[in-house]
Amino acid sequence: MEEEKKKKEMVEMQSSFEKFKQLVNDNKYTVILGSWATTMGIAWKIINKDQYMTKSQKIVQVRMWAQGVTIAMILATALASQSERQAVKDHPPVDHSWMNQLKLSPEEVSSPVGKVTTKS
């Protein structure tokens, strides 16, 4: 429950552009597929008006346009992923492993020095 509440608060604090970037990042393959299909439709409407090309030539031209846009979208996605990785690298997540150590009993905690035993 608390995690969902924190996520909602984080989303509310983001700007519209950050929300858009997150949405695209979460659905990148859907965006690529959608841009391919949209490009196919738009290119077909434009190229289909040419009276001098045969139908097979028109199909090839539409496919080439869609392929070009798809490659551009894949490159843009790769650049966005790389910049996201760099941001994570610049601001690494906080290590809370010490909290787990506090929850363990003293017998379960392993000392970096090792157990010291005394002989009497």
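What follows draws every value from the coordinates through simple rules; no lab data is involved. Quick caveat: nothing in here was measured; it's all calculated off a predicted structure. In this analysis, Cβ positions are derived from the backbone assuming ideal geometry, glycine residues included, and neighbour counts consider all displayed protein chains.
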Checklist entry - If you scan the stretch 36-74, which residues turn out to be over 28 Å from the mean Cα position of the chain (by Cα), part of a helix (DSSP H, G or I) and among the β-branched types (Val, Ile, Thr)? => result 46, 47, 59, 60, 62
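Would you confirm whether any residue within the stretch 42-55 is free of Cβ contacts under 8 Å to residues at least 12 places away in the same chain, of a type in the set (Gly, Ala, Ser) and on the phi < 0 side of the Ramachandran plot? Walk me through how you get there before you give the answer.
Filtering the stretch 42-55 for residues free of Cβ contacts under 8 Å to residues at least 12 places away in the same chain gives 42, 45-46, 48-55.
Next cut, of a type in the set (Gly, Ala, Ser) only: none.
Looking for residues that are free of Cβ contacts under 8 Å to residues at least 12 places away in the same chain, of a type in the set (Gly, Ala, Ser) and on the phi < 0 side of the Ramachandran plot, one finds none in the stretch 42-55, hence no.
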